[in-house]
């Protein structure tokens, strides 16, 4: 899927989010294999590489994502593979390089997003991440600005809420951290009306914090 | 809150004089009907019919032109072709009219460019002349306290429910259902295209109106979503607000690039908005009327622990089980009765054939007489483990066992019992083959402020919605 001049890359999106105080897994743009390897070493393994292109919306569909790279050799090999498979899938896509980021330990996957309603303006969405979002549509919405109480209500409203509480011995997700994150995203989109749509997908939620692993911002 | 609206809207809901433009002595036009229905409803102000025919409607003289009316005019009802509306607004400005309601249709609702343009010009003239517009394409105001009926002379009793509607048909239906089910309105307004005054304005007025205790709304869309959202937030803080959003179609999910964009349907956003504003969402006319009824009758009463009496005679067992399911599925709790109550009931009814836990089957009382039945109900209601008593009264079963006389005694008991203790009883009267008797009983109970529903499902849904509001008020 190729489109949109207005799509910020993951690296650009995360920079903006970080400045707004929204926790993200930091990603750095590397324009060459060499740079990717040295950045990986700085960050520490395991590493994730993702294609960085304003034209590629769904990165993993075109082979543009490599997870769990354990050393420099693997990073180098993955760099070549990512670039060539995206070039094959989208020959016209402008490729900036790859984003390099540490592989976040697994947590409860959730999604937070924003889109604009023609009648009510910016709305936030919350849901469990992965296929549950797409298949079950188990998500909740609130109009921006979202207060702490709204945030808590929208978290509790989803059917999958028990998963966040730590179902069958799984580690729970920090509800206060998710609540804060939602309020911060609300403030962020309120201050930046030029943002048309936003996805933090997935966010990994842990017992003590929540961090956006991938992010996508689309401008008006 | 919004107190300024009370004076501002006084000429709309309590006009001292009304002119009806588009009345005729020779043909039955909508304007003619309006004059007749206001007149026969006993409208306490002055009615000025206006129309080119001359002559009279009843004993009211028809003026050929609004400007020829000598007295002051607060409110004008307009039913003339749309090509004449701008000229009419000039006349209204010259007469210092405060508000104009346009029954006239054929504007932006038919989505023509011409219609939209005309609306813009109307609004401009209204602003210049300091006139407020209701409509166009609407049936306007219903205010039984001031004897303003809906078109065709529909007029019920005055009461605590205020209602705002984009649709005239739904507003009318709600008033007629209200007449049948004792849902009584303070004011109802249908504002159609809402080019000037819209849902937000009327919601603000109803929030301030001391006669209105509960507010309902039927909406299809809004021209100013942010204002509506903020208004609803404020209104729901002071009065229960029940909203039915019509036209829940998928509009927003076109070619969105994000997951969020593709999932954010218009219906989902409206539901979220209503929840966030503290309003209670309903999805159809049944839910709307049931919810307004329970708010009218029980207001701020709270509690979801129900005692269920599934039947008063034969056949109570299955009904009790079904009623229990309906209540549990709709968010109510059905706690077991206390040991003392169970003891009392088993002494009264004997344990054979009775379920004395909850749901409670009191059908054994039919072998011991009505006094035993009433004692059993009294005993159930006195138990403090529950907040409310739901009783299914099936006329088809009771009539052959107790005859009409017994049936009357049973319902006299409900009325008397409600009067002498605080726990609400709610009666479910399922429709069946004895409709005339059932309707009579329904009227009697409703008149005594006992909420009546047609199924356990609908009763429990309404109780749950009442609690949803009260709980939110508490944590505020």
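Scanning segment B:276-312 for residues that are in a helix (DSSP H, G or I) and touching a strand residue (DSSP E or B) at 6+ places or on another chain (Cβ under 7 Å) returns B:276, B:288, B:290, B:291, B:292, B:295, B:296.
Checking every residue in segment B:187-194 against the condition of being in a loop (DSSP other than H, G, I, E, B), at pLDDT below 95, on the phi > 0 side of the Ramachandran plot and buried (at least 21 other Cβ atoms within 10 Å of the Cβ) gives at least one match.
In this entry, residue B:179 is excluded by the filter for residues that are part of a strand (DSSP E or B), within 15 Å of the chain's Cα centre (by Cα) and either on the phi < 0 side of the Ramachandran plot or away from chain A (no Cβ under 14 Å) (or both).
Among the criteria (1) buried (at least 16 other Cβ atoms within 10 Å of the Cβ); (2) assigned to a loop (DSSP other than H, G, I, E, B); (3) in contact with a strand residue (DSSP E or B) (Cβ under 7 Å, 6 or more places away or on another chain), the one residue B:53 does not fulfil is (3). Hey, does segment B:337-354 have a residue that's touching a strand residue (DSSP E or B) at 6+ places or on another chain (Cβ under 6 Å) and surrounded by fewer than 21 Cβ atoms within 10 Å (Cβ to Cβ)? Yes - at least one qualifying residue is present in segment B:337-354. Taken together, the residues in segment B:264-274 that are facing chain A (nearest Cβ under 7 Å) and either within 16 Å of residue B:240 (Cβ to Cβ) or within 20 Å of the chain's Cα centre (by Cα) (or both) amount to 0.
Applying the condition of being outside any strand (DSSP E or B) and touching a residue at least 60 places away in the same chain (Cβ under 8 Å) to segment A:200-212 and asking which residue is nearest to residue A:173 (Cα to Cα) yields A:206. Against the list (1) in contact (Cβ under 8 Å) with a residue 40 or more places away in the chain; (2) within 14 Å of another protein chain (Cβ to nearest Cβ); (3) under 23 Å from residue B:227 (Cα atoms); (4) surrounded by 15 or more Cβ atoms within 10 Å (Cβ to Cβ), the condition residue A:187 fails is (2). Tell me which residues, restricted to segment B:203-224, are in contact with a helix residue (DSSP H, G or I) (Cβ under 8 Å, 6 or more places away or on another chain) and outside any strand (DSSP E or B). The answer is B:203, B:204, B:205, B:206, B:207, B:208, B:209, B:211, B:212, B:213, B:222, B:224.
Scanning segment B:107-147 for residues that are surrounded by fewer than 20 Cβ atoms within 10 Å (Cβ to Cβ) and part of a loop (DSSP other than H, G, I, E, B) turns up B:111, B:112, B:129, B:130, B:147. Residues in segment A:75-92 that are outside any helix (DSSP H, G or I) and surrounded by fewer than 17 Cβ atoms within 10 Å (Cβ to Cβ): A:91, A:92. So for segment A:140-150 (the condition being closer than 28 Å to residue B:278 by Cβ, part of a helix (DSSP H, G or I), modelled with pLDDT of 95 or more and touching a strand residue (DSSP E or B) at 6+ places or on another chain (Cβ under 9 Å)), does at least one residue qualify? Looking for residues that are closer than 28 Å to residue B:278 by Cβ, part of a helix (DSSP H, G or I), modelled with pLDDT of 95 or more and touching a strand residue (DSSP E or B) at 6+ places or on another chain (Cβ under 9 Å), one finds at least one in segment A:140-150, hence yes. Checked against (1) crowded, with 18+ Cβ neighbours inside 10 Å; (2) in contact with a helix residue (DSSP H, G or I) (Cβ under 7 Å, 6 or more places away or on another chain), residue A:145 passes all but a single condition, namely (1).
Entry remark, segment B:56-81: residues being crowded, with 17+ Cβ neighbours inside 10 Å, under 35 Å from the mean Cα position of the chain (by Cα) and free of Cβ contacts under 8 Å to residues at least 40 places away in the same chain number 2 in total. Comparison of A:129, A:121, A:107, A:113 shows that the only residue that is touching a residue at least 60 places away in the same chain (Cβ under 8 Å), more than 21 Å from residue A:12 (Cβ to Cβ) and within 14 Å of chain B (Cβ to nearest Cβ) is A:129.
Could you list, in sequence order, all residues of segment A:100-139 that are in a loop (DSSP other than H, G, I, E, B), under 19 Å from residue A:183 (Cα atoms) and more than 15 Å from the chain's Cα centre (by Cα)? Residue satisfying the conditions is A:120 alone. Residues in segment B:445-456 that are more than 18 Å from the chain's Cα centre (by Cα) and either crowded, with 19+ Cβ neighbours inside 10 Å or free of Cβ contacts under 8 Å to residues at least 12 places away in the same chain (or both): B:445, B:456. The condition (being within 14 Å of another protein chain (Cβ to nearest Cβ), in contact with a helix residue (DSSP H, G or I) (Cβ under 8 Å, 6 or more places away or on another chain) and free of Cβ contacts under 8 Å to residues at least 40 places away in the same chain) is satisfied by just one residue among A:153, A:197, A:179: A:153. Restricting A:148, A:134 to residues that are over 25 Å from residue A:194 (Cβ atoms) and at the interface with another protein chain (Cβ under 8 Å from one of its Cβ atoms) narrows the list to A:134.
For residue A:56, indicate whether it is under 22 Å from residue A:129 (Cβ atoms), in contact with a strand residue (DSSP E or B) (Cβ under 7 Å, 6 or more places away or on another chain), surrounded by 19 or more Cβ atoms within 10 Å (Cβ to Cβ) and not assigned by TED's automatic domain parsing to the domain that holds residue A:177. In short, yes. Among the conditions (1) within 26 Å of the chain's Cα centre (by Cα); (2) farther than 30 Å from residue B:203 by Cβ; (3) in contact (Cβ under 8 Å) with a residue 40 or more places away in the chain, the only one that residue B:39 does not satisfy is (3). Among the conditions (1) closer than 24 Å to residue B:156 by Cβ; (2) assigned to a loop (DSSP other than H, G, I, E, B), the only one that residue B:6 does not satisfy is (2).
The values are calculated or read from the model by the stated rules, or taken from the named source; none is laboratory data. Bear in mind the structure is a predicted one, so any value in this text is a computation, not a measurement. Every residue, glycine among them, receives a Cβ derived from its backbone with ideal geometry; neighbour counts consider all protein chains shown.
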